[in-house]
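*Asks:* The following block contains the structure, expressed as structure tokens.
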Amino acid sequence: MAARCGRGALPLALVAISAALVTYNALLSSRSGLLPLTSSSSFPTATASSSRRFGAAGSAGRPRPFHTAVTASGSAYNTWQCRVMYHWFKEARRAPGGGEMGGFTRILHSGKPDEFVDEIPTFVADPLAEGDQGYIVLNRPWAFVQWLQKADIKEEYILMAEPDHIIVKPIPNLSRDGRAAAFPFFYIEPEKNEKVLRKFFPEDKGAITKIDPIGNSPVIIEKESLARIAPTWMNISIAMKKDPDADKAFGWVLEMYGYAVASAIHGVGNILRKDFMIQPPWDLEVGDAFIIHYTYGCDYDNEGKLTYGKIGAWRFDKRQYMEKPPPRNLPLPPDGLPNRIPQSVVTLVKMVNEATSSIPNWDSYAAG
């Protein structure tokens, strides 16, 4: 059963959220609940394999712990990714260098608890009352608004992550001097889309270059800053979805543009960290990255050549598992191919396999 959520949010968060309620007060519901966070003391001692996988990391000076938050819809597709993601979050947090990784919350915007609330620390948020207009991630900013208002978040910083993120090593607090740390996306192009963006970021707000090429994830940000940004992010994303020009121009990355614009409006700068994550199959090596983002399909022919957009002889694509989770022990690329499958792709599949082998009852869960 979901516990009632606390009222420990910052006063500034409440001020910011009250601004959002001017345009969206009909959506507030007492049904949202906070499920208790798992205590770090309940985590087992780091295994030898996890110690080898993770190297030491950390930011200099006084520790600045951050809370990791992941939004999820509650679909089978989202849920298996969350279970894998949370497994690797725990491995990273208890490894050497994981000291700034604080609590974890899955923000479940289905409006009701699911069977995994005892496995993954979960806050239940309401979906948009008027619906998501066929764009499920439109619920994301509204879910963050509710969480920031109602949850008792101990840490002063937030890492916004996603279900299809695998943490490959401990993440330090990469934000600095009031600036957030964010990953730059090549397909977020404010200057190219200036005409449309000026509807939401008028001339008096400054140059279009003030909008960074980011989404909301991965981002490490001060909690107070996110409390100011979140209501604006919500309202801009909804307005963009209702605007035919913006909806056509931005498509599936619309709420990412919404976050980038809201961040600029509130004057929150971003340290752009290309090493924050990699995205196979385009990034060939894990290198110094902290996260593997497996948003793209990885398809290869019998010679080991990428066949992106065409189903390959060997493949890993999360979309193969929309209705039910992947089985344990997914096949690795065959040895001896003329062209080597990238190390990033092999590491991704190995880490999915290692997670599913460790998560209890995965076989019966996948068979269901």
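*Asks:* Starting with the highest mean, order 185-193, 217-225 by the number of other Cβ atoms within 10 Å, averaged over the residues of each peptide.
*Replies:* 217-225, 185-193
*Asks:* What residues have an amide H closer than 5 Å to that of Thr122, excluding those fewer than 5 places away on the same chain, when H is modeled at 1.01 Å from N in the peptide plane?
*Replies:* Result for Thr122 returns Leu35, Arg106.
*Asks:* Karplus couplings for the range 308-324 from phi (6.51 cos²θ - 1.76 cosθ + 1.60, θ = phi - 60°), rounded to Hz, Gly and Pro as x?
*Replies:* Whole-Hz 3J(HN,Hα) from phi for the range 308-324: 3, x, 9, 4, x, 5, 10, 8, 9, 9, 4, 6, 5, 10, 6, 9, 8.
*Asks:* Going by average Cβ neighbours within 10 Å, how do the peptides 201-208, 312-319 rank, with the highest at the top?
*Replies:* Ranked by mean Cβ neighbours within 10 Å, highest first: 312-319, 201-208.
*Asks:* On the full set of protein chains, 1.4 Å probe, figure out the accessible area of Thr307 and give it in Å² to the nearest 10.
*Replies:* 30 Å²
*Asks:* May I ask for the net charge around Gly98, where only other residues with Cβ less than 10 Å from the Cβ of Gly98 are counted and Lys, Arg are +1 while Asp, Glu are -1?
*Replies:* +2
*Asks:* Given a 1.4 Å probe, how much area per residue of the range 58-145 is accessible, in Å²?
*Replies:* 30 Å²
*Asks:* Then there is this: Per-residue accessible area for Leu174 at 1.4 Å probe radius, Å² rounded to 10?
*Replies:* That residue has around 10 Å² of solvent-accessible surface.
*Asks:* With all protein chains present, calculate the accessible area of Glu115 using a 1.4 Å probe and round the result to the nearest 10 Å².
*Replies:* 150 Å²
*Asks:* Which percent of the accessible area of the range 111-221 is formed by carbon and sulfur heavy atoms (probe 1.4 angstrom)?
*Replies:* C and S atoms contribute 49 percent here.
*Asks:* Would you mind computing, in nm to one decimal, how far apart the modelled labels at Ala313 and Glu194 are, each placed 7 Å from Cα along Cα→Cβ?
*Replies:* My value for the distance between the label points is 5.0 nm.
*Asks:* Okay, next question. Expressed as a whole percentage, what fraction of the accessible surface of the range 243-368 belongs to carbon and sulfur atoms when a 1.4 Å probe is rolled over the protein heavy atoms?
*Replies:* Answer for the range 243-368: carbon and sulfur cover 51 percent of the accessible area.
*Asks:* Further, regarding this structure: Note the full-extension length gain between Ser364 and Ala207 as 0.36 nm times their separation in residues minus their Cα-Cα distance, in nm to one decimal.
*Replies:* 51.1 nm
*Asks:* If you average 1/r over every pair of different alpha-carbon atoms in the range 194-333 and take one over that average, what Kirkwood value in Å do you get?
*Replies:* Its Kirkwood hydrodynamic radius stands at 17.7 Å.
*Asks:* 7 Å from Cα along Cα→Cβ at both Asp245 and Ile271: what's the point-to-point distance in nm?
*Replies:* 3.7 nm
*Asks:* Gap in Å between the Cα centre of the range 100-163 and the Cα centre of the range 60-99?
*Replies:* 13 Å
The values are calculated or read from the model by the stated rules, or taken from the named source; none is laboratory data. It should be emphasised that the depicted structure is a prediction, and the values quoted were computed from it without experimental measurement. Here the Cβ is made from the backbone with ideal geometry for all residues, glycine too, and neighbour counts use every protein chain on show. Keep in mind that these areas ignore ligands, DNA and RNA; they rest on the heavy atoms of the full protein, side chains included. Shrake-Rupley method; radii C 1.70, N 1.55, O 1.52, S 1.80 Å.
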